[in-house]
Amino acid sequence: MGRVNMSTQPVQLPFELSSQIQAAHAAPHVLLILLNRPEAMNAMSMEMEAGLTRLLNWFQNNDDYWCVYRLLVNDAVPV
């Protein structure tokens, strides 16, 4: 299983995400979202759904990002 280094360019959010969701700058204007719940094959939990909804609402209202890219922990590769 590959790993995404989310610490190199973390996104400063006005709220906290659960440990099951991480967000980072992937490229200019591109938000990378990593779903990290491999023990459940990344099945959505209520916590993940709430966090992802909040993150996508923030993304929709943020002019710095034009595109969002989602990775699952199983298909994550080093960035």
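Packing, as the average of other Cβ atoms within 10 Å across residues, places the peptides 55-61, 23-29 in the order 23-29, 55-61, highest first.
For region 60-66, backbone phi angles converted through the Karplus equation (6.51, -1.76, 1.60; θ = phi - 60°) give residue-by-residue couplings of 4, 9, 10, 6, 6, 10, 10 Hz, Gly and Pro being listed as x. Sequence-distant contacts, meaning Cα pairs under 8 Å at least 6 residues apart, place the relative contact order of region 21-70 at 47 percent. Here the Karplus curve 6.51 cos²θ - 1.76 cosθ + 1.60, taken at θ = phi - 60°, turns the phi angles of region 38-54 into couplings of x, 5, 10, 6, 6, 4, 6, 9, 4, 5, 5, 4, 5, x, 5, 4, 5 Hz, with x standing for Gly and Pro.
Can you tell me how region 21-70 classifies by the Cα gyration tensor, rounded, prolate or oblate, using a/c under 1.5 as the rounded cut?
On the way: a/c = 3.63, a/b = 1.70, b/c = 2.14.
Taking the square roots of the gyration eigenvalues as a ≥ b ≥ c, region 21-70 is oblate.
Compared with the direct C-alpha span, the chain from Gln60 to Glu16 gains 14.1 nm at full extension, assuming 0.36 nm per residue. Packing here is the average count of other Cβ atoms within 10 Å per residue, and on that basis the peptides 43-52, 9-18, highest first, run 43-52, 9-18.
Read-outs: derived from the displayed coordinates by stated rules, not from any lab. The model shown is predicted, which means the values in this text are computed figures rather than measured ones. Note that we place each Cβ from the backbone using ideal geometry, even for glycine, and neighbour counts take in every protein chain shown.
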